[in-house]
Amino acid sequence: MAGYVSGAGGANAGPRVVAVANQKGGVGKTTTAINLGTALAAVGERVLVLDLDPQGNASTGLGVDIEQRFNTSFDVLTGNATMMDTVLKTAVPNLFLVPANNDLVGIDSMLSADQNKPFKLRDALTAMIGHQRARDPETHFTYVLIDCPPSLNLLTLNAMSAAHAVIVPVQCEFFALEGISQLKDSIEQIRGTLNPRLEIQGVVLTMHDQRLSLSREVADNVRAFFGSKVYDTVIPRNTRIAEAPSHGKPILLYDYDCAGSQAYMRLATEIMERERRFKAA
């Protein structure tokens, strides 16, 4: 993690880099990344969402069409563009995006002979931080949220090698805990080999339906497994959350007053409170 200063905020501090990861698909990773980013931006943080999924859903969900993705995270990882060359503004004030497209499918073959391949993203972020330190502090990012693909591949390895912490979305449905032990073991392996600072910042329960006993049972099981790592805030199953990406908007822009929007605002507040406690420890 050479080159990073842990913690958000301050003229000399680098951004807090958080990977949103779970190798299981359909658990709300992208939804969490873009809506948490929007919520953090809404309370004054300057946030970069880094799309590291070949599907590019975070880019679509933030209203960036394929035709607008001239430089992408693929170009950053392969050294064809710097992070700052790639950053786009979004419709949300203080929220920025490094987009992705399906070029990322070929990243393993492109970097197969590169001995530094697990650290490509870390090095690119370090260079970006150095560039920003030479500029007005008002332009510095305070958070970088990395939307990971639904697998433990080279892209996720790069994200975890670059990140200070991981947020794990867990869907409140059957098989929710399937693979969680594997993810936890992978994080421990990366801590021991590539990134000793990596930690699980928290686990967020998503698609929760209080009316269903299964949702309540899964939530109880996740809390028993992860203990205090599980956020108090629970993201409800909400039709408006599901609709928002098709309009290219985060839920806070699509329907600020709905239950999903308010849940992500509470989650952002809870995450920042944990960050304050972490820095004070």
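Run down L177, L252 and say which single residue is touching a helix residue (DSSP H, G or I) at 6+ places or on another chain (Cβ under 8 Å) and assigned to a helix (DSSP H, G or I).
Working: L177 fails: assigned to a helix (DSSP H, G or I).
On inspection, the qualifying residue turns out to be L252.
Taking first residues from the stretch 45-57 that are at positive phi and partners that are at pLDDT 95 or above and of a type outside the set (G, A, S), the Cβ contacts under 6 Å between residues at least 6 apart in sequence or on separate chains come to G56/N101.
Residues in the stretch 60-77: is at least one hydroxyl-bearing (S, T, Y), part of a helix (DSSP H, G or I) and either under 17 Å from the mean Cα position of the chain (by Cα) or crowded, with 19+ Cβ neighbours inside 10 Å (or both)? Checked against the condition, which is being hydroxyl-bearing (S, T, Y), part of a helix (DSSP H, G or I) and either under 17 Å from the mean Cα position of the chain (by Cα) or crowded, with 19+ Cβ neighbours inside 10 Å (or both), the stretch 60-77 yields at least one hit. Considering only residues in the stretch 10-63 that are of a type in the set (K, R) and touching a Pro at 6+ places or on another chain (Cβ under 7 Å), the one that is farthest from K249 (Cα to Cα) turns out to be K24.
I'm trying to understand the selection: among the residues of the stretch 188-208, which are touching an Asp or Glu at 6+ places or on another chain (Cβ under 9 Å) and over 19 Å from A33 (Cα atoms)? Result: R191, single match.
Per this entry, R211 is not counted among residues that are in contact with an Asp or Glu (Cβ under 8 Å, 6 or more places away or on another chain), over 27 Å from P15 (Cβ atoms) and of a type in the set (D, E, K, R). Within the option set L121, L104, L97, being crowded, with 18+ Cβ neighbours inside 10 Å, more than 20 Å from Y143 (Cβ to Cβ) and of a type in the set (A, V, I, L, M, F, W, C) holds for one residue only, L104.
Answer with yes or no whether T90 is polar (S, T, N, Q), crowded, with 23+ Cβ neighbours inside 10 Å and more than 21 Å from V203 (Cα to Cα). Lay out the reasoning, then the answer.
Values: polar (S, T, N, Q): yes; crowded, with 23+ Cβ neighbours inside 10 Å: yes; more than 21 Å from V203 (Cα to Cα): yes.
Yes.
The values are calculated or read from the model by the stated rules, or taken from the named source; none is laboratory data. Everything quoted here is computed from the prediction, not taken from an experiment. Here Cβ is always computed from backbone atoms with ideal geometry, including for glycine, and neighbour counts include all displayed protein chains.
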